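Student: I'd like to ask some things about the structure below.
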Amino acid sequence: MSHVVATQAGKGLTTLWRIMVLTWRHPWMVIITLASTIIMCVLQLWVPRLLGQAVDQAEGVLDGAGAVDALWTTAWILLVVSIGRGIFTMTMNYFGEAVGHHTAYELRLAVYEKIQRLSFSYHDKVHTGDLITVGMLDLEGVRMFFATGVLRVVLLGILIGVGAYMMMSTDLLLGCLALSFAPFVAWNSSKTQLTLRATWLKLQEMLQNLSRVMEENLGGIRVVRAFAGQDHELKKYDEASDAALALAHRRVDIRVSSTSLMNISFLLSMGLVLWVGGEKVLAGEMTVGTLATFLTFMTILQMPVRQLGLLVNSFARASTCGNRLFAFLDLDIEIKDKPGAKPLVVTEGTVRFENVDFAYPSAPARKVLQGVSFEGKKGETIGIVGRPGSGKSTIAHLIPRFYDVDGGKVTIDGQDVRDVTLGSLRQSVAVVQQDSFLFTTNIENNIAYGDPWAKEGRIARASEFAQLHNYIIGLPTGYETIVGERGVSLSGGQRQRLNIARSLMLRPSVMVFDDSTAAVDAGTEQRIRTAMKRFAKDRVTLIISHRLSSLMHADQILFIEDGAIVERGTHEELLALGGRYRALYDLQVKPGDDALEAAE
Amino acid sequence: MTDVTVNDDESEDRRQRPPRAVVGSSLDREEEVFGKAYDPRIVRRIWAFVKPYQKQIYISVAAVLVFTLTQLALPLIIRFAIDAGMAAGGGGRVVLLWAMVGFAITIAFNFVASWIQESVVGKAAENVLFDMRRAMFEHLQRVSLSWMDKTEVGRLMSRLMGDVNSMQEFLETSVLSVGDIVLLFGIVGVLLWLDPLLGLVTMATMPVLFIVRLFWLPPAKVSFMAAHHTNSSANGALAEGINGVRTVQSLDRQKVNFDLYEEKARANLRAHLRAAKFAQVMVPIVDTLTGISMATVIVLGGQMVLGHQVEVGVMVAFLFYIQRFFDPIRSLTMQYSVFQRAMSSGTRITEVLDVPVNIEDKPDAVALTGQMDGSVEFKNVTFGYRKNQPVLKNVSFRVNPGETVAIVGPTGSGKSSCMSLVHRFYDVWDGSVTVGGTDVRDVTQDSLGEQVAMVLQEPFLFTGTVIENIRYNKQSATREQVIDAAKAVGAHDFIMSLADGYDTKLEQRGGNLSLGQRQLISFARALVADAKILVLDEATANIDSYTEMLIQRALKRLLEGRTGLVIAHRLATIRGADRIIVLQNGELLESGNHEQLMKKQGLYAKLYTMNYSSFDDMPENGDEAPPTGKAT
């Protein structure tokens, strides 16, 4: 989580305040909730009084017919109070929840939007799991705050405060005894909830560890079997499992000792009230009805006092979750439209790199590109070749502005990519990456991902170009076939071809193939290349590859080493040059140890 | 074929039809929406896991009973204190004191019983869960690979974690629901005993609540499930947005996705509000019924007290019981849903436990030792994964000790199946596979694993350090041996350049290494295993030429002094082999060394002269047939 935000303890209050502000965006619901809470508390506190009164009336404090009438009156009031209490408890709970859900809805959208807009450099350094935690668990913590935090404070405040006042003003000693369980239970419950929360987080971690052991075992089951590693695996499993089980047992102990202690302290207070109250009744200082009132009061207060722990928990959770969530929402977006940025206007379709320097934000000391300059015109194909890590893929990332250059500039028809709108830029530049993400939906939707309004014909044609159409129509459900997790699993080469089709749908002015045919077999690649040729006349094509056959037909080939262009020219020129390109060519055409040494 | 870029979309109607777009998975979850009804078979299977903790269950049921009885007793003691102690003409202080003694004893029992019931049940439930999970995991270590191939890891994981967890709720609450039933009957009994007439009238509301809940439960459950589903659907879309963020941004899809996501989020909001309505609508109903019961006690009971038909303490006790009255009904109706959920989880758990284990050691299986000669022989092997669809047809060949044989052939020719059979991942339909002259079905699987090392096409690394991955199952290997192996396959240099050298922690599946590097580590692992026979499936992925060379060198070193069976994709590997076997459509087409096969002018020669970089590239029919199962 360290990457998402550095949490500071002092920020807790500000965070809670901010949640309250968000909550207040639904003032009516908040007001209804709070009003319901107050009315519900008043009615709730009225019940013991009415019951005590009824007991006294039954004991014949009044006489004859008057007593029966009084009983009827009390009964009617009690019925109305009970119904009222039910209704207001309902509105309190419902609107309390509703406020939370409305807030969660707004936060969900904000998180989603933020995720979509944060630049690559942010996503590079953050684990997807951390983002999922923010978007799911942290959001829950914030959502629950109104119903389990704010609302409960009001509820408990009134119930305990007014209840205590009512009891103590009736009989100070008995009131104190009746509440004597409260401080201990409140303290115990808060402490336990905090401990349980901490151990819960720890337990989740252990269970995650356990599920990782299982997941790897099942995913790598062939390795496990091949090396007869079952016993070894079970040992790993038992270690992880035993640790989690021990902690689960400890949690049971913590919980049980706390609930049992809270229970008995409440019952002890009740016993004391009964005893002292009984003495008072015997001494004639108090009626049985008043004693009954005290005892009922206690049963009403028991739950809220025990829930103090949940309240503390809710505050703790809301403040840590809120901290993380807000820190995420407040993040600066590095790559965004300049104020007043205009859409890219493509006339000639010339791409230029001018003295470009670049280092990834995660490792600013390591220059990945240094002084790279080249130009590609409409209809041209530029090949870029080099060792892994030489910086060739980085070139692909700079054109659609996945990252911003550190020095120099990248232009399309003279417009610096940083001066045009991101949307227009990315519609014009398509980068076909080696690792493509397929969405769990049908093939058609995947191909039309960048142009969801496209007509079927165009989708079919794009996949024909990518040499995928025949395969797709051979599937039982054709373009409707679901890919991914639970659908048909495509081979690496098929995924790459789908990716190519998807990029073609954009009608890009600049098309970059970033090692995007690595898993496609040579024959199919040849056919894709032929199909592309006609397509290439209207745009600039960049081909980044380590397979020379993919790019030797290019108009210009750049050999990149350590972030700089060390050789450039056509295939023939570079072969004649007899340099690094030549060495790589020899290595690929007649592999052997000598060639490797020469290339090194 | 016209150019893709021709604008054939009538732009004016573009935005009027809905986009072909979804966010999040468009597939439904496999999980059943409404649990399962009672199934005695499943219950028996679950009981088998509970049985070892029988004693604990009895103890906690006893504790629950004691606990419930003390709860029932408390209002009675209060009643006794009032009627026998405080009332006019009562026993006064002495009786009150006795009442207090009774109260103290009762709460002492209450304390102990509550401690025991929760602690014993809670721990036993955890134990049962962990036992179940382990039984499933252990079973999965033995089930056939063909079953594993068909089953997604994610699904299994949801059974191992999700379903086991949903049993927890059931196990913990089922003992407690015994208490609820006792409490319910106890209250009914006590009220009738205190005063039959008043009891009956007061309890008239109880069946009303019961009936109301019966009508309420089904639609309420639907709304709760809907809330749950829209939640996972919105979360699924969020997860997809996170994982696919680069694609989303590079294809400029943010706007469309946001709109789609908003729909999901709104559906989620609506479902939750609806569920909240259902949950809360019960509150005023219960409160009204409680109010009616209390009002009845006041009017009827009050008049009875006035008429001296009952004592005032009875009325107080009634008022106390009424407040507890509806709790057991509520938890019992809830318990039914918990039970249904547990039944469907139980079904899925037993499904896993019931997957047959087809490949087991024979009772008289012998251990394969390092003394055997290291030959591998296929004799008339016929084998397949699906009935009547053999993948290998009557294939025979022999690999002599120390020889390297390359198997080549187009995708689907049955190469990978050969490899799996040497390791007895599956049993042949007909014929036999022998290792060192012994049929693989007659040796123990463990010893086979020790003598036959395997390198898979997709190198699989575990979370852990580099050294742990290389050593894997060979715990006896010293650090020196591991380092020697890494040096031999040319992995030492890059390992040393990692942050902590051999002790560098690998991320999940070795994510912080390149494919080539992972390959080299898996070579080192095979070298450390030091088996007589090496079976290797060469990677098809196009690795850059430099790494490729390193791998070729490592391969040479790895095969030295071993019998090698290599599923080859690279010309370099094939030419280095002693013999080449060409498979096509599950049949052995030709075999011999490079020169012999070239002379033969068969498939091999054809593929070779076309200068394809890989033997998987079939000329002419470039479009693959749709996948019809796991062929190779």
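Student: How about the stretch B:271-380: which GluC sites (Glu not before Pro) there are in a DSSP loop, with at most 13 other Cβ atoms within 10 Å of their Cβ?
Tutor: Within the stretch B:271-380, the qualifying GluC sites (Glu not before Pro) (loop, at most 13 other Cβ atoms within 10 Å) are B:Glu360.
Student: Right, here's the next one. What list of ³J(HN,Hα) couplings, whole Hz, do you get for the stretch A:185-191 from phi and the Karplus terms 6.51, -1.76, 1.60, once you set θ to phi - 60° and write x for glycine and proline?
Tutor: Karplus-based 3J(HN,Hα) across the stretch A:185-191 equals 4, 4, 5, 4, 5, 5, 4 Hz.
Student: May I pose another question? Going toward the positive end of the dipole of the protein assembly as shown, with +1 on Lys and Arg Cβ and -1 on Asp and Glu Cβ, which of B:Leu421, B:Met132, A:Ile382 do you reach last?
Tutor: B:Met132
Student: If you place +1 on the Cβ of every Lys and Arg, -1 on the Cβ of every Asp and Glu, and leave all else neutral, what size is the dipole of the stretch B:365-440 about its Cα centre, to the nearest 20 Debye?
Tutor: Here the stretch B:365-440 has a charge dipole of around 340 debye.
Student: Any chance you could give the angle, 0 to 90 degrees and rounded to 10, that helix A:288-306 forms with the longest Cα principal axis of chain A?
Tutor: Helix A:288-306 sits roughly 10 degrees off the main axis of chain A.
Student: In nm, give the distance between the simple-model label positions of B:Ser232 and B:Tyr336, each being 7 Å from the Cα along the Cα-to-Cβ direction.
Tutor: The answer from the label model is 2.4 nm.
Student: Find the centroid of the Cα atoms in the stretch A:515-536 and in the stretch B:249-266, then give the distance between the two in whole Å.
Tutor: Centre-to-centre (Cα) distance: 32 Å.
Student: Sequence-distant or interchain residues sharing an amide H contact under 5 Å with B:Leu589, placed H: which?
Tutor: B:Val582, B:Leu583, B:Gln584
Student: Enter the Cα centre distance for the pair the stretch A:212-271 and the stretch B:481-517, rounded to the nearest angstrom.
Tutor: 33
Student: Taking the Cβ-Cβ separation of A:His127 and A:Leu172 as r and a Förster radius of 45 Å, what is the calculated FRET efficiency to the nearest 0.05?
Tutor: The formula returns an efficiency of 0.15 here.
Student: Right, here's the next one. Taking R0 as 60 Å, what FRET efficiency do you get between B:Gln371 and A:Trp187 from their Cβ-Cβ distance, rounded to the nearest 0.05?
Tutor: 0.25
Student: Taking a spot 7 Å from the Cα of B:Val222 along the direction of its beta carbon, which residues of the stretch B:263-292 have an amide N less than 20 Å from it?
Tutor: B:267-282
Student: Taking the mean number of other Cβ atoms within 10 Å as a proxy for protection, how do you rank A:32-41, A:445-454 from highest to lowest?
Tutor: With the highest mean Cβ count within 10 Å placed first, the list reads A:445-454, A:32-41.
Student: Run the helix sum for chain A: -39,500 (n - 2.57) per DSSP H stretch of 4+ residues, divided by residue count, reported at 222 nm to the nearest 500 deg cm²/dmol.
Tutor: Rounded to the nearest 500, the figure is -20500 deg cm²/dmol.
Student: Can you pull out the trypsin sites (Lys or Arg not before Pro) in the stretch B:339-401 whose DSSP state is coil and whose Cβ has at most 11 other Cβ atoms within 10 Å?
Tutor: For trypsin sites (Lys or Arg not before Pro) across the stretch B:339-401 that sit outside H, G, I, E and B with at most 11 neighbouring Cβ atoms in 10 Å, the list reads B:Lys387.
Student: Other chains' Cβ within 10 Å of B:252-259 residues: what's the mean?
Tutor: Mean shielding by partner chains, rounded to a whole number: 6.
Student: Please work out the C-alpha center-to-center distance from the stretch A:294-322 to the stretch B:339-396 and express it in whole Å.
Tutor: Centre-to-centre distance over Cα atoms comes out at 56 Å.
Student: Over the stretch B:380-609, what lengths in whole Å, largest first, do the semi-axes of the equivalent ellipsoid take, defined as the square roots of 5 times the eigenvalues of the alpha-carbon gyration tensor?
Tutor: Output for the stretch B:380-609: semi-axes of 31, 21, 16 Å.
Student: Let me ask something additional. Going Cα to Cα from B:Lys387, which lysines come in below 23 Å? Please leave out same-chain ones fewer than 8 positions away.
Tutor: Excluding near neighbours in sequence, the set is B:Lys150, B:Lys379, B:Lys415, B:Lys630.
Student: Dipole size in debye (nearest 20) for the stretch B:196-309 around its Cα centre, Lys and Arg Cβ +1, Asp and Glu Cβ -1?
Tutor: 160
Student: Once fully extended, how much extra length lies between A:Ile473 and A:Asp238, figured as 0.36 nm per residue of separation less the alpha-carbon to alpha-carbon distance?
Tutor: Difference between extended and current length: 79.8 nm.
Student: Taking the protein assembly as shown on its own, what percent of its Cα-Cα pair distances exceed 65 Å?
Tutor: So the pairs more than 65 Å apart make up 23 percent of the total in the protein assembly as shown.
Student: Additional query: For the stretch B:196-309, with the dipole built from +1 on Lys and Arg beta-carbon atoms and -1 on Asp and Glu ones, taken about the Cα centre, which of B:Ser223, B:His272, B:Ile242 lies farthest toward the positive end?
Tutor: B:Ile242
Student: Tell me the angle of helix A:456-465 to the major Cα principal axis of chain A, expressed in degrees between 0 and 90 and rounded to the nearest ten.
Tutor: 50
Student: Using only Cα atoms, tell me the angle between helix A:522-535 and the longest principal axis of chain A; keep it within 0 to 90° and round to the nearest 10.
Tutor: Computed tilt is about 80 degrees.
Student: Could you work out the helix-only [θ] at 222 nm for chain B, with each DSSP H run of four or more residues adding -39,500 (n - 2.57) and the total divided by the number of residues, to the nearest 500 deg cm²/dmol?
Tutor: Value at 222 nm, helices only: -18500 deg cm²/dmol.
Student: State the volume of the convex hull built on the alpha-carbon positions of chain A, expressed per residue in Å³ and rounded to an integer.
Tutor: Residue-normalised Cα hull volume stands at 229 Å³.
Student: Now for a separate question. Taking beta carbons within 10 Å but only from partner chains, what does the mean come to for residues A:98-110?
Tutor: Partner-chain Cβ atoms within 10 Å, mean over residues of A:98-110: 4.
Each value in this text was obtained by applying a stated rule to the coordinates, not by laboratory testing. This one's a predicted model, so the numbers in the text were calculated from it and none came from an experiment. For neighbour counting, all protein chains shown are included, and Cβ atoms are generated from backbone atoms with ideal geometry for every residue, glycine included.
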